[in-house]
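One structure below.
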Amino acid sequence: MSTTYTINVNGQNQTVTVNNPAMPLLWVLRDLLGLTGTKYGCGENLCRACTVLVNNVPRQSCTTTVESVVGDTIVTIEGLSPNSSHPAQLAWIQYQVPQCGYCQSGQLMSVAGQMLAGNHGPNIAAQLYNVCICGTYSRILQAVDTL
Amino acid sequence: MPKQSLPSSKSQQEDSRQIGRRDFLSVAGAGLTLGFFLELVPRVAEARMPGIAGPPPNTQVNTFLNISSAGFVTLTIGSSEMGQGSFSGLAQILAEDLMVNYNTIQTVQGVPATGAPAVGNSIGTFGSTVIRDNYWSFRTAGAAAREMLVSAAMNIIGDQTRANYTVSNGVITYTPTSTNISYGLVAAAAAKLPVPANPALIPDSQFQVIGTTVNRVDIPSKVNGSATFGIDVRLPNMVYAVIQHCPTFGGYLSGAVPATPAGMIAVVPTQVVAGVGRGTETTGMVNAVAVVGPNTWDTWQAALNLTINWTIPASSSNLNDQTFINQANAALTSNTPYAANGPNTPPTLYTIEGNFAAANAAIAGAAKTNSATYTLPYIAHNALEPMNCTVNYVPGVSCEVYVPTQVASSVLSLVNQLTGLPLSQINVHTTYLGGALGRKIEVDFVSQALQVAMAVGKPVQLLWPREQNFLRDQYRPMALVQASAGLGASGNILGWSYTNVSASILGQRGYPVGASGDSQATEGSSALPYKLGALSTQWISHPSPIPVGFWRSVGMSINTFAVESMIDELAALAGQDPYAYRLGLLTDPRWIAVLEAVATLSNYTAGPAPGHGLGMAITTYANSIVAQVVDVSLVSGNGYDGQPILFQVNNVWMALDCYLNVNPGQLQAQLVGGMVHGLNAALYGRQSFVNGAAQFSNFFQNRVIRLNQMPQVAVTLIPSPAQSTQSTPIGGAGEIGVPTLAPALANAYFKASGIRIRTLPFFPNAVMENVAGV
């Protein structure tokens, strides 16, 4: 039994039809809307590679059902800025943070959410739980310290 | 900022011809194109990468430098970018002698080439090889292209006096008249000129690019979601496949293939393809099924809900953690020495160095002795991008494969093997790799994607959900190391006896393991730089058939833990500081310089802060030498997981000698990243087996550190020589940060607590915190 939802992603209303209303937002973004910047890492809200903003708050899209975000404002890495001009993105380039890069969309969305909550520098870092297997944490700290 | 694009077309290599290894080839086409090899020097000296499918016939040029008539410089690179920055490093090296602005070079992911004639070339990204093995060929290519362009300019000007021309930023200046000629203007004419055999290289003292920290070409796409990893490939009409392996190693599908669930497209049994299976995975055995459906989530749920009847052989019940330990202990005394024409079935004893009886006689006669057993577990790879592969197969016509692979040429061979298509009708597109760590050397997941694509007749993306990555890995082998030593009056080592028992990675790949044993198991245990007295180094093959594979730094991570822990134990036995003790055992000035550099960086001789401990370790790999000092402080109480916290890692200092520092910032990144990989493994890394079934399926039990556990880090680099020479090997940096962390940490914890940790990981029962509401 398919269900159709309208969700707001990066400022646009998108209509999606799913077979199961429990389908996580992650797979709606990646497979139905083609927004592949949001990454799958663990599926269990552990690694946070899938972090997006829901009403300006970082949320792990792998454990967020699509039906639970109807009416909310969703922002993905593709919508963070039009031209990689968000201060966190600029800091990530300045400090050459990414290695493989797979976790960095989630890192940046977590940081962006903390900034929206009014946090700066070490207060952002204290709330940053995203996993990076490459071990870019020290550069993340350098970059976050400027925000 | 240079641009990076994926994937590339194969067309530009189609009319290539080869003039010889290390030579360059001028290719017809727009502007000047030089085609050349990206060298692959295998980790194993005696053969090409063992276990990797042999290079396809006619594989040839895999890397191209093009200078277009519009003046654009494009570098098409055959190797893989998995975060190590090799694309940028190669462009940086090229820019120096080509004398162009690094930021104007566009790098493009290449494909494995199929031109004639065959020379046995391959493309692989492993063994910390990309920069160190290609440095001189990229410099020579840049210089050759530059001189061809200058020659073309000379012909226009009509003055053949080379001294009258200078080059800067891709512009040739005829100095008598100050006439400027851009590269683009003469690119087409240069393409008609012969390729110089020995073009002059820029002296190191005049370097403008090499040795500087330039920005990476791939980073802009990795901060805005536009970088295409394998899992991000989307093709028209693509369907999704999700793999479900038999949960038990050795098990296989019995009876009928499960019916296709409602809403799904197919259930495809996938078998172990020849050359791909390891250990328990026998060719022809159906050890997994793939459910095919309309999207990842629905298909994944259908795969989880599928009832599959597996047949589990009785032998799988022997695959248990304690059994492996028991087998290793038994093998120490009950084994068969290697025989040249013998079956050499595990456990087989290989003498790597020295003489066991003589070493142990020297130890027995020493005034002070120490004997220790070090135990390391199986560990899964944990690349954050899970295994995936996308295939668009049109029977008899074409096969396009999009895959995060470390060895595109193996993928090419496999497609040829399974589809029968000629190489000219196969395209392998290497995507960005979201971590690889050695696991993406393997092509088991590629073989499954191909089988599914051939069965369903649609473009298909096959995914291993996270759990499948942990449960069906080719793990770093578990190992048991027995080490003994005897000391003389001054603490000098009179005898050293070292025996490693571990499963053979090469043996599981059908590679003949000769008298010198499996190089992957023994690396880091022999040719040690210390004065060890009467010496014995042995390796005994372990009989476990659990699949094992190449895990970033491979055997180095096992042997360096045992060797550097043992040296530390001997320092304690001798009543000496471990730093002074190591200096007393070393003679090689390179090793001494690295050790002194890390001691200076860490202010080691000032001693630890109260309640802290400092530990060090040093090793060599890929022509590089690395030393680390770790600072820990003791912490009481339990963590959120109920496990004792024991200590906090406050600082890690590192010193590296890789002979020639191309990009200091990237060397720092690789060393720190390797150190974190080593830290994750030392603290938490292990896989457990019960009756052949792996137990730990997600990051919950395969814990890794988060930001709040990151130590402060500092790296110092031994300076490059004033003038490098081709006779001195350049060191690699991709893996060398890993092996020293575990022993340096254990040594630091011993200093702080008096407790010697000989079994890894430190926290076998740790679980990862699920931090809610942040």
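The values are calculated or read from the model by the stated rules, or taken from the named source; none is laboratory data. The shown structure was predicted, so the numbers you read here are calculated from the model rather than taken from an experiment. When we count neighbours, we look across all protein chains shown, and the Cβ atoms used for this are built from the backbone with ideal geometry, even at glycine.
In this structure, is B:Thr283 farther than 21 Å from B:Leu418 by Cβ and either in contact with a strand residue (DSSP E or B) (Cβ under 8 Å, 6 or more places away or on another chain) or assigned to a loop (DSSP other than H, G, I, E, B) (or both)? Break it down into steps so the answer makes sense when it comes.
Details: farther than 21 Å from B:Leu418 by Cβ: no; either in contact with a strand residue (DSSP E or B) (Cβ under 8 Å, 6 or more places away or on another chain) or assigned to a loop (DSSP other than H, G, I, E, B) (or both): yes.
No, not satisfied.
Taking B:Ala153 and the conditions (1) among the small types (Gly, Ala, Ser); (2) crowded, with 21+ Cβ neighbours inside 10 Å; (3) at pLDDT below 95, which numbered condition does it fall short on, given that it satisfies the others?
Failed condition: (3).
Name the residues in region B:415-440 that are surrounded by 24 or more Cβ atoms within 10 Å (Cβ to Cβ) and more than 27 Å from B:Gly225 (Cβ to Cβ), would you?
B:Val415, B:Ile426
Has region B:480-490 got at least one residue that is assigned to a loop (DSSP other than H, G, I, E, B), surrounded by 22 or more Cβ atoms within 10 Å (Cβ to Cβ) and in contact with a Ser or Thr (Cβ under 9 Å, 6 or more places away or on another chain)? Lay out the reasoning, then the answer.
Filtering region B:480-490 for residues assigned to a loop (DSSP other than H, G, I, E, B) gives B:488-490.
Filter again for surrounded by 22 or more Cβ atoms within 10 Å (Cβ to Cβ), leaving none.
No.
Residue by residue, here is whether (1) outside any helix (DSSP H, G or I); (2) at pLDDT 95 or above; (3) of a type in the set (Phe, Trp, Tyr); (4) not assigned by TED's automatic domain parsing to the domain that holds B:Ala359 holds:
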residue	(1), (2), (3), (4)
B:Ser497	yes, yes, no, no
B:Pro512	yes, no, no, no
B:Gly517	yes, yes, no, no
B:Ala521	no, yes, no, no
B:Ser525	yes, yes, no, no
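Scan region B:289-324 residue by residue and report those that are within 10 Å of B:Gly251 (Cβ to Cβ) and in a strand (DSSP E or B).
B:Trp310, B:Thr311
Does region B:582-601 hold any residues that are buried (at least 21 other Cβ atoms within 10 Å of the Cβ) and out of contact with any Leu (no Cβ under 7 Å at 6 or more places or on another chain), and which are they? Outline the logic, then answer.
Kept after step one, since they are buried (at least 21 other Cβ atoms within 10 Å of the Cβ), are these residues of region B:582-601: B:582, B:591, B:594-595, B:598-599.
Of everything in region B:582-601, those that are buried (at least 21 other Cβ atoms within 10 Å of the Cβ) and out of contact with any Leu (no Cβ under 7 Å at 6 or more places or on another chain) turn out to be B:Trp591, B:Val594, B:Val598, B:Ala599.
Would you say A:Ala126 is surrounded by fewer than 16 Cβ atoms within 10 Å (Cβ to Cβ), free of Cβ contacts under 8 Å to residues at least 24 places away in the same chain and either over 24 Å from B:Gly665 (Cβ atoms) or more than 7 Å from chain B (Cβ to nearest Cβ) (or both)?
Yes; evaluated as a whole, the condition is true for this residue.
For region A:49-76, which residues satisfy the criterion of being in contact (Cβ under 8 Å) with a residue 40 or more places away in the chain and in a strand (DSSP E or B)?
Within region A:49-76, A:Thr51, A:Val52, A:Leu53, A:Val57, A:Pro58, A:Thr65, A:Thr73, A:Ile74, A:Val75 meet the criteria.
In region B:288-329, how many are surrounded by 21 or more Cβ atoms within 10 Å (Cβ to Cβ) and either at positive phi or acidic (Asp, Glu) (or both)?
1
Looking only at region B:585-621, which residues are within 30 Å of the chain's Cα centre (by Cα), of a type outside the set (Phe, Trp, Tyr) and in a strand (DSSP E or B)?
Hits for region B:585-621 are B:Leu586, B:Leu614, B:Gly615, B:Met616, B:Ala617, B:Ile618, B:Thr619, B:Thr620.
Report every pair of residues separated by at least 6 positions or lying on different chains whose Cβ atoms are under 7 Å apart, first residue within region A:95-107 and within 7 Å of chain B (Cβ to nearest Cβ) and touching a residue at least 12 places away in the same chain (Cβ under 8 Å), second among the aromatic types (Phe, Trp, Tyr) and not in a loop (DSSP other than H, G, I, E, B).
Short answer, once both residue conditions are applied: A:Pro98/A:Trp92; A:Tyr102/B:Phe229; A:Gln104/A:Trp92.
In region B:330-354, how many are part of a loop (DSSP other than H, G, I, E, B) and either among the hydrophobic types (A, V, I, L, M, F, W, C) or buried (at least 16 other Cβ atoms within 10 Å of the Cβ) (or both)?
7
So which residues in region A:85-112 are under 18 Å from A:Thr36 (Cα atoms) and in a helix (DSSP H, G or I)?
Of everything in region A:85-112, those that are under 18 Å from A:Thr36 (Cα atoms) and in a helix (DSSP H, G or I) turn out to be A:Gln89, A:Gln104, A:Ser105, A:Gly106, A:Gln107, A:Leu108, A:Met109, A:Ser110.
So, in region B:680-705, exactly how many residues are part of a helix (DSSP H, G or I) and touching a strand residue (DSSP E or B) at 6+ places or on another chain (Cβ under 7 Å)? I'd like the intermediate steps shown before the answer.
At the first step, the residues of region B:680-705 found to be part of a helix (DSSP H, G or I) are B:680-684.
Restricting the remaining residues to those that are touching a strand residue (DSSP E or B) at 6+ places or on another chain (Cβ under 7 Å) gives B:681.
The number of residues fulfilling the criteria is 1.
Could you please let me know if B:Gly611 is modelled with pLDDT under 95 and in contact with a strand residue (DSSP E or B) (Cβ under 9 Å, 6 or more places away or on another chain)?
yes
Restricting region B:246-275 to residues that are in contact with a helix residue (DSSP H, G or I) (Cβ under 6 Å, 6 or more places away or on another chain) and buried (at least 23 other Cβ atoms within 10 Å of the Cβ), which is farthest from the other protein chains (Cβ to nearest Cβ)?
B:Gly250
Just give me the residues in region B:702-716 being without any contact (Cβ under 8 Å) to a residue 40 or more places away in the chain and of a type in the set (A, V, I, L, M), in sequence order.
Taking region B:702-716 as the starting set, the residues that turn out to be without any contact (Cβ under 8 Å) to a residue 40 or more places away in the chain are B:705, B:707-708, B:710.
If the condition is that a residue be without any contact (Cβ under 8 Å) to a residue 40 or more places away in the chain and of a type in the set (A, V, I, L, M), then B:Ile705, B:Leu707, B:Met710 are the ones that fit.
List the residue pairs whose Cβ atoms are under 6 Å apart, where the first residue sits in region B:212-229 and is more than 7 Å from chain A (Cβ to nearest Cβ), the second is among the aromatic types (Phe, Trp, Tyr), and the two are 6 or more positions apart or on different chains.
B:Val214/B:Tyr102; B:Val217/B:Phe87
Within region A:27-65, track down each residue that is of a type in the set (A, V, I, L, M) and at the interface with chain B (Cβ under 8 Å from one of its Cβ atoms). Even if it seems obvious, please write down each step before you answer.
Pass one, region A:27-65, residues of a type in the set (A, V, I, L, M): A:28-29, A:32-33, A:35, A:46, A:49, A:52-54, A:57.
Selection gives A:Leu32, A:Leu35, A:Leu46, A:Ala49.
Quick one: how many residues across region B:530-564 are of a type outside the set (Phe, Trp, Tyr) and under 24 Å from the mean Cα position of the chain (by Cα)?
Qualifying residue count, region B:530-564: 20.
Filtering region A:81-94 down to residues that are crowded, with 20+ Cβ neighbours inside 10 Å and more than 7 Å from chain B (Cβ to nearest Cβ), which residue is farthest from A:Leu26 (Cα to Cα)?
A:Ala91
If I ask for residues that are assigned to a helix (DSSP H, G or I) and away from chain A (no Cβ under 11 Å), which ones from region B:230-244 would you list?
Of region B:230-244, the ones assigned to a helix (DSSP H, G or I) are B:230-232.
The answer is none; no residue qualifies.
If you scan region B:666-704, which residues turn out to be β-branched (Val, Ile, Thr), within 8 Å of another protein chain (Cβ to nearest Cβ) and more than 19 Å from A:Gln96 (Cβ to Cβ)? Don't jump to the end; show me each part of the working.
Going residue by residue through region B:666-704, those that are β-branched (Val, Ile, Thr) are B:672, B:676, B:690, B:704.
This time we only want the ones that are within 8 Å of another protein chain (Cβ to nearest Cβ), so: B:672, B:676, B:704.
Residue satisfying the conditions is B:Val704 alone.
For residues that are of a type in the set (Asp, Glu) and touching a strand residue (DSSP E or B) at 6+ places or on another chain (Cβ under 7 Å), scanning just region A:59-83, find the one that is nearest to B:Ser226 (Cα to Cα).
Result: A:Asp72.
Could you say whether any residue in region A:18-40 is under 18 Å from A:Ser110 (Cα atoms), under 12 Å from the mean Cα position of the chain (by Cα), crowded, with 16+ Cβ neighbours inside 10 Å and without any contact (Cβ under 8 Å) to a residue 24 or more places away in the chain?
Quick first cut of region A:18-40, residues under 18 Å from A:Ser110 (Cα atoms) only: A:25-26, A:29, A:35-40.
Restricting the remaining residues to those that are under 12 Å from the mean Cα position of the chain (by Cα) gives A:25-26, A:29, A:35-40.
Checking which are crowded, with 16+ Cβ neighbours inside 10 Å leaves us with A:25-26, A:29, A:35-40.
When the remaining residues are screened for being without any contact (Cβ under 8 Å) to a residue 24 or more places away in the chain, the result is A:36, A:40.
Checked against the condition, which is being under 18 Å from A:Ser110 (Cα atoms), under 12 Å from the mean Cα position of the chain (by Cα), crowded, with 16+ Cβ neighbours inside 10 Å and without any contact (Cβ under 8 Å) to a residue 24 or more places away in the chain, region A:18-40 yields at least one hit.
What's the number of the condition B:Asn747 fails, among (1) out of contact with any strand residue (DSSP E or B) (no Cβ under 9 Å at 6 or more places or on another chain); (2) surrounded by 14 or more Cβ atoms within 10 Å (Cβ to Cβ); (3) not hydroxyl-bearing (Ser, Thr, Tyr)?
Evaluating B:Asn747 over (1) out of contact with any strand residue (DSSP E or B) (no Cβ under 9 Å at 6 or more places or on another chain); (2) surrounded by 14 or more Cβ atoms within 10 Å (Cβ to Cβ); (3) not hydroxyl-bearing (Ser, Thr, Tyr) leaves (1) as the failure.
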